[in-house]
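Q: This is the structure, below, for whatever I ask next.
The values are calculated or read from the model by the stated rules, or taken from the named source; none is laboratory data. All values reported here derive from a predicted model rather than from experimental measurement. All Cβ positions, even for glycine, are placed from backbone atoms using ideal geometry, and neighbour counts span all protein chains on display. Accessible surface is based on the protein model in full, side chains and every heavy atom, while ligands, DNA and RNA are left aside. Shrake-Rupley method; radii C 1.70, N 1.55, O 1.52, S 1.80 Å.
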Amino acid sequence: MNYFTLKNGVKIPALGFGVWQITDAELCKKTVATAIKDGYRLIDTAAVYMNERAVGEGIKASGINRDELFITSKLWVQDTGYEKTKKAIEGTLERLQLDYLDMYLQHWPYGDNIGSWKAMEEYYHQGKIKAIGVCNYTIQHMKDLLEVASVKPVVNQVECHPIFQQKELRAYLKENDIYLEAWSPLGHGVQDLLSHPQFQQIADKYGKETAQVILRWHVQEEAIAIPKSATPSRIKSNFDIWDFELSEQEMNVIRSIDTNQRLSADPADKEWEKSMLERVFDHF
Ligand SMILES: NC(=O)c1ccc[n+]([C@@H]2O[C@H](COP(=O)([O-])OP(=O)(O)OC[C@H]3O[C@@H](n4cnc5c(N)ncnc54)[C@H](OP(=O)(O)O)[C@@H]3O)[C@@H](O)[C@H]2O)c1
């Protein structure tokens with residue numbers, strides 16, 4: 001397994017396991033334990049995924065030491081603001097049954113994010129969160145935060161896959177020594193991406209699956225990838241990417257597939273922002 005070193009010196013696994021949409025508690029617990037047994041060390045959850053408690057159970061069931069794991073959770077939009085964020089972090093720690101988080105991210109750049117950032121900085125200084133960052137920040141959102149942050153964000157988790165490679169944002173993040181973490185790294189499993197002939201050709205050459213080629217591409221681009229699967233065989237195969245390396249020419253073939261097409265919401269879309277701010281979740 002490869003690790004990247006964040007700018008505050010914290011080591012983060014290059015490949016992690018996402019648990020969005022695994023809402024059934026028993027399944028989530030079992031899936032997290034399976035993923036950890038298969039070798040994953042980074043688990044990516046969020047308050048709004050409604051499964052932090054089950055993730056905590058899965059971590060315990062895995063039998064792996066806490067200090068070998070990298071646990072990420074996220075602050076939901078309705079919990080932004082200085083006081084609410086402190087409460088939200090305590091809730092997350094309690095549900096996960098952990099006394100520290102490896103990384104805590106703002107889920108969307110909406111609400112009182114600057115107030116939230118101050119609270120996150122405090123938890124960072126107390127050692128209760130080892131790394132702080134954001135999700136779904138555009139370059140402008142990043143600039144606004146960097147202007148006021150005394151602890152700089154180390155990660156921006158955004159939609160990223162071969163047909164939406166985030167080239168402009170990626171370059172900006174690199175300049176600022178911030179890692180891009182790719183959500184929907186497999187394009188949410190859409191078949192026209194996974195069965196794309198260019199991936200199939202490369203996959204055949206290495207005796208691999210197209211999903212493995214895509215995940216290998218992310219890691220070689222120095223992006224952290226967090227694929228989700230609730231299927232045991234896929235959980236295993238998605239992690240089996242350490243025995244081959246894509247050539248520069250193959251990397252370029254994949255880079256050329258980019259159509260700059262999102263599959264999900266644009267964080268700069270004001271209607272989306274409004275709908276997120278109006279959503280109500282009261283049972284994390
Ligand atoms: N910060 C954010 O706003 C944000 C937004 C979205 C996601 N995320 C994070 O990113 C993680 C991953 O994103 P995602 O779940 O949207 O997309 P993804 O990981 O790109 O794709 C997951 C989908 O692909 C299928 N799949 C997984 N491995 C496969 C394989 N080897 N072959 C064929 N199909 C495969 C899964 O099906 P099965 O489960 O049926 O196997 C699932 O339907 C989430 O779990 C979450 O942690 C963050």
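Q: Might you work out the accessible area of HIS196 for me, using a 1.4 Å probe with all protein chains in place, and round it to the nearest 10 Å²?
A: Its accessible surface works out to 50 Å², give or take rounding.
Q: Could you work out which residue, out of ILE132, ILE59, ILE254, moves most in a Gaussian network model of the chain, that is, has the largest mean-square fluctuation with Cα springs under 10 Å?
A: ILE254
Q: Sticking with this structure for a sec: Based solely on its DSSP helices, what 222 nm [θ] is calculated for the chain when runs of n ≥ 4 H residues each add -39,500 (n - 2.57) and the sum is averaged over all residues, nearest 500 deg cm²/dmol?
A: Values: 12 runs with 122 residues, N = 284.
Computed ellipticity for the chain at 222 nm equals -12500 deg cm²/dmol.
Q: Now for a different question. Find which of LEU98, LEU173, THR80 sits farthest along the positive direction of the dipole of the chain, computed with +1 on the beta-carbon of Lys and Arg, -1 on that of Asp and Glu, about the Cα centre.
A: LEU98
Q: Can you send over the solvent-accessible area of TRP183, 1.4 Å probe, protein chains only, in Å² to the nearest 10?
A: So the heavy atoms of TRP183 present about 40 Å² to solvent.
Q: Give me the percent of DSSP beta bridges within the chain that run antiparallel, rounded to the nearest 5. Write out the running numbers ahead of the final one.
A: Details: 4 of 27 bridges.
Roughly 15 percent of the beta bridges in the chain run antiparallel, per DSSP.
Q: Please report the relative contact order for segment 63-126, taking Cα pairs under 8 Å with a sequence separation of at least 6, and give it as a percent rounded to a whole number.
A: 45
Q: How high is the relative contact order of the chain, given as a whole-number percent (alpha carbon pairs under 8 Å, six or more residues apart)?
A: 18
Q: I would also like to ask the following. Using a Gaussian network model of the chain whose springs link C-alpha atoms within less than 10 Å, name the residue from LEU246, LEU145, LEU93 with the highest mean-square fluctuation.
A: Greatest mean-square fluctuation among the candidates belongs to LEU246.
Q: Just the number please: accessible area per residue for the chain, 1.4 Å probe, all protein chains included, in Å².
A: On the way: 12300 Å² over 284 residues.
Value for the chain: 43 Å² per residue.
Q: Taking 8 Å as the Cα distance limit and 6 or more residues as the minimum spacing, I'd like the relative contact order of segment 13-128 as a percentage.
A: Details: 188 pairs, mean separation 28.3, N = 116.
The value is 24 percent.
Q: Can I ask one more? Which Cα, out of ALA225, MET1, GLY63, lies furthest along the positive dipole direction of the chain (beta carbon charges, K/R +1, D/E -1)?
A: Looking along the dipole axis, the top candidate is GLY63.
Q: How many times 2.2 N^0.38 Å is the alpha carbon radius of gyration of segment 38-187?
A: Normalised Cα radius of gyration, segment 38-187: 1.02.
Q: Of LYS167, LYS74, which has the most accessible area and how do the rest follow, probe 1.4 Å? Walk me through the numbers before you get to the answer.
A: Details: LYS167 100, LYS74 0 Å².
Listed by decreasing accessible area, they come as LYS167, LYS74.
Q: I'd like the accessible area for VAL253, computed on protein heavy atoms only with a 1.4 Å probe and all protein chains in place. Round to 10 Å², please.
A: Estimated to the nearest 10 Å², VAL253 gives 40 Å².
Q: Mind grabbing the base-10 log of I(q)/I(0) for the chain at q = 0.12, 0.15 Å⁻¹? Debye formula, identical points on the C-alpha positions, no solvent, two decimal places.
A: Once normalised to I(0) and log-transformed, intensities are -0.72, -1.16.
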